[in-house]
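Bear in mind that the values in this text are calculations on the coordinates, not laboratory data. Since we're looking at a predicted model, the values are computed, not measured. Because the Cβ atoms are built from the backbone with ideal geometry, glycine has one as well, and the counts that use them run over all protein chains shown.
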Amino acid sequence: MRFDFFRRTSEDAASGAGSPAQAEAGSGGHVTYAMLLDAQRRVIGYRMGWRATGGPEASGAAGVKALMDTLAMHLNPGGDGWLLGSQLLFVDVTVDALFQSELQSLPPQQVVLCMGAEEMLDADLRSIVLFLREQGFGFMLCGASALPEDPELRSIVTHFEVGAHDVNTVMRLRQDAQLGHPPVEPVVSRVDDWAGFDACAGRRVSVFVDGAFRNPPVLETEDALQPESLLIVQLMQMLQRNEDLRVIEAALKHDAALTYRLLRYINSPAVGMAVEIHSLRHAVAMLGYSPLYRWLSLLLATSNKAGSPYMMKKAILRGRFVELIGQGMLPAGEADNLFVAGMFSLLDQLLGVSMEGVLRKVQLTEAVQQAILSRGGLYGPFVALAESCECDDGQAARLSEALFLSPEQVNAAQLAALVWAQDASPAAGGP
């Protein structure tokens, strides 16, 4: 098929698609996303959205264009390499958006276009939808009760939106695949709580979870901290007291697995060391105590063996995002504190312990504690902006303006954090 689909006619332009008003609506805004979790609560993709600055969420082709341009710039720079590995991006699109050349700025195999049944099954759109599917784009059919009966249209659908309790549709999709039809992945767009998620996980159905989703109520005692977590806390306190490196090394040798994980992370692409680090002493000699404190904070966040990979990813993303948006605004020495403030703001969720219980065990600076407990102090506004971006509560524009940050800077930091977490998360896992 030819590429002429992406050449808009004057009649199309007259209909309002690509009008000056739409272009203005899409010219500035914030990227939003929900995480797609598999049955093990691992992040396997993102559903990306666009919230226009200073107004309601942009809709139509202008919003998709702005989103695609931003995603391409930061996740597929120059079209030379996709930076999110195997993870998929789901994007809600309209009819007008299907004809935009911006769709070609991202690798088709990594993008799933989400459409309603009325639009996807429109006979007038069949050629462009088939063309995009042939290129490799996936399609998620939303708001439908069943797959289309037409075999050609049926072959377009790669994902199917189902309700959290829609057992029958999931069974039909699985039975169709067993009968030789192209497999279609059921996806739940929303659940109310982890009990609803677990019901979906039991049927091996992936679920979109937004930034407001939280773990169940935490325990009220710090004694619930696991042994590895307690050792990491002990090491962090030694660093804050500037104790001799030999004493810190001796404490770390009590847990060979922790030593391995720490060195594995230090040598990961996320850190980007020019030489391989073979020991704690070598690491400190190269970079000093402050980066080691940051590394230990990352390991503390991933030390709960019963913890959710989703919450670990969320904490790592928040820490990195807070660090990035603060760069250039605060002294260079504050970067590690920004990372800790962002990530530790979710530490109660990660460790299953009340925040007060955590802070009784972990000695943090006053500024970090203010950010964690009340979003106040020097770092608090950065953490508050991170939370707003995660929840898409409409406050990101106001909070970023208060920090003299443009939407472009905020978007760049968000997407850079997604890329960075690709390397940081696995290295922080177990051996």
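Here are the numbers for this structure:
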{"read-out": "Neighbour net charge for E390 - beta-carbon separation under 10 angstrom, K R +1, D E -1", "value": "-2"}
{"read-out": "Acute angle (nearest 10 degrees) that the helix 335-344 long axis makes with the longest principal axis of the chain, alpha-carbon atoms", "value": "70"}
{"read-out": "Extension gain (nm, one decimal) between D210 and V247, 0.36 nm per residue minus Cα-Cα", "value": "9.0 nm"}
{"read-out": "Extension reserve of the E134-Q240 stretch, reckoned as 0.36 nm per residue once the Cα distance is removed", "value": "32.4 nm"}
{"read-out": "The chain: relative contact order in percent, alpha carbon pairs under 8 Å with at least 6 residues between", "value": "16"}
{"read-out": "Integer Hz, Karplus 6.51/-1.76/1.60 couplings in order for the range 72-77, x for Gly and Pro", "value": "5, 4, 9, 10, 9, x"}
{"read-out": "Under 17 Å from the Cα of K305 - lysines, other chains or at least 8 residues apart", "value": "K313, K314"}
{"read-out": "With at most 12 neighbouring Cβ atoms within 10 Å, loop trypsin sites (Lys or Arg not before Pro) (DSSP) excluded, longest segment of the chain", "value": "8-203"}
{"read-out": "Qualifying chymotrypsin sites (Phe, Trp or Tyr not before Pro) for the range 331-431 [loop in DSSP, other Cβ within 10 Å: at most 13]", "value": "F404"}
{"read-out": "Mean projected area in nm² (Cα convex hull; one quarter of hull surface) for the chain", "value": "22.4"}
{"read-out": "Net length gained if the chain between S290 and D122 were fully extended (0.36 nm per residue, minus Cα distance)", "value": "54.6 nm"}
{"read-out": "Under Karplus coefficients 6.51, -1.76 and 1.60, residue-wise ³J(HN,Hα) of the range 93-103 in Hz, glycine/proline x", "value": "10, 10, 4, 4, 5, 5, 8, 7, 5, 4, 4"}
{"read-out": "Under 11 Å, Cβ to Cβ, from L88 - net charge with Lys/Arg +1 and Asp/Glu -1", "value": "0"}
{"read-out": "Top of G28, G180, G326 by mean-square fluctuation, Gaussian network on the chain, Cα under 10 Å", "value": "G180"}
{"read-out": "Local electrostatic count, V64, Cβ distance below 10 Å [Lys/Arg +1, Asp/Glu -1]", "value": "-3"}
{"read-out": "Per-residue [θ]222 nm for the chain (sum of -39500 (n - 2.57) over DSSP H runs n ≥ 4, rounded to 500)", "value": "-14500 deg cm²/dmol"}
{"read-out": "At R0 = 30 Å, FRET efficiency that the Cβ-Cβ distance of A274 and L403 yields, to 0.05", "value": "0.40"}
{"read-out": "Most fluctuating residue given options L418, L373, L75, as computed from a GNM of the chain linking Cα atoms under 10 Å", "value": "L373"}
{"read-out": "Whole-Hz ³J(HN,Hα) from phi, Karplus 6.51 cos²θ - 1.76 cosθ + 1.60, for the range 233-244, glycine and proline x", "value": "4, 4, 5, 5, 5, 4, 5, 5, 8, 6, 5, 4"}
{"read-out": "Taking S354, S279 and counting other C-beta atoms within 10 Å, the order from fewest to most", "value": "S279, S354"}
{"read-out": "Gaussian network model of the chain, Cα within-10 Å springs - most flexible of L385, L403, L106", "value": "L403"}
{"read-out": "Computed label-point distance, nm, for sites L373 and H181 using a 7 Å Cα→Cβ extension", "value": "5.7"}
